[in-house]
Amino acid sequence: MTKSSQLAALKSEIISKNICPDLAAQAHNLVMGDGNLDAEIVFIGEAPGKNEDLQGLPFVGAAGKFLDEMLATVNLERKDVYITNIVKYRPPNNRDPLPEEKQAFWPYLAKQLNIIQPKIIITLGRHSMEYFLPEQKISAIHGQPKRITFGDHKVVILPLFHPAAALYNGGMRQTLMDDFLKVPKVLEQIK
Ligand code: URA
């Protein structure tokens, strides 16, 4: 089975098991993810926003534009990486995903990562970080790569601030851009 058909099957499973029915009922699309299925780097955000819900693609609004700009600074494009979220439906009014929503989607994110098999997982914001680096504070560990064992393989987690949170906050924006410049070095280290 190709990665693409495995991901399609996973999407069908989320629908047939009726994961987070309240979110599903008000969403236009289930946003699974987008990008290169053989990518070494996977980015994980929080949940789709309005534009993502309408287009069915992750990070296509303002935060996504900022993410694209940062990718360009390290000579990467979207086609080089894979981008997804922990929660796959848009929460109403862009509220934070609830703990039970994150919990419900976590096994599907784990399966998705097992299909793609990235070497580096870049978490965007605390919601996706907390699954890989529990009990940690993003303010303390952002930009610091950590090696962990995930499922049956080793992976490096690079926790970053969320681009939407950093977009209009000058200090955080600069910190995120500085942290992002560590990506090539982390890639080098896993070769
Ligand atoms: N913010 C996220 O966390 N994910 C998206 O897909 C868009 C904005």
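The values are calculated or read from the model by the stated rules, or taken from the named source; none is laboratory data. Bear in mind the structure is a predicted one, so any value in this text is a computation, not a measurement. Every residue, glycine among them, receives a Cβ derived from its backbone with ideal geometry; neighbour counts consider all protein chains shown. Note: accessible area is taken over every heavy atom of the protein model, side chains too, but ligands, DNA and RNA are not part of it. Shrake-Rupley method; radii C 1.70, N 1.55, O 1.52, S 1.80 Å.
Kindly indicate whether Lys65 is within 30 Å of Asp178 (Cα to Cα) and touching a residue at least 24 places away in the same chain (Cβ under 8 Å). Break it down stepwise before answering.
Working: within 30 Å of Asp178 (Cα to Cα): yes; touching a residue at least 24 places away in the same chain (Cβ under 8 Å): no.
No.
Please find, among Pro92, Pro97, the residue that is open to solvent by less than 60 Å² (accessible area, probe 1.4 Å), more than 18 Å from the chain's Cα centre (by Cα) and either under 30 Å from Leu187 (Cα atoms) or not small (Gly, Ala, Ser) (or both).
Numbers: Pro97 fails: more than 18 Å from the chain's Cα centre (by Cα).
Unique residue meeting the criteria: Pro92.
How about the range 155-170: which of its residues are at pLDDT below 95 and away from the ligand (no atom under 12 Å from the Cβ)?
Of everything in the range 155-170, those that are at pLDDT below 95 and away from the ligand (no atom under 12 Å from the Cβ) turn out to be Tyr168, Asn169, Gly170.
Does the range 62-82 hold any residues that are within 13 Å of the ligand (Cβ to nearest atom), over 20 Å from Gly151 (Cβ atoms) and surrounded by 14 or more Cβ atoms within 10 Å (Cβ to Cβ), and which are they? Explain how you work it out, then say what you get.
Step one: of the range 62-82, the residues within 13 Å of the ligand (Cβ to nearest atom) are 62-68, 78, 82.
Filter once more, keeping what is over 20 Å from Gly151 (Cβ atoms): 62-68, 78.
Passing the criteria: Ala62, Ala63, Gly64, Phe66, Leu67, Asp68, Arg78.
Residue-wise test of (1) among the small types (Gly, Ala, Ser); (2) under 20 Å from Glu40 (Cβ atoms).
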residue	(1), (2)
Asn93	no, no
Ala104	yes, no
Pro107	no, no
Pro134	no, no
Ser139	yes, no
Arg147	no, yes
Ala164	yes, no
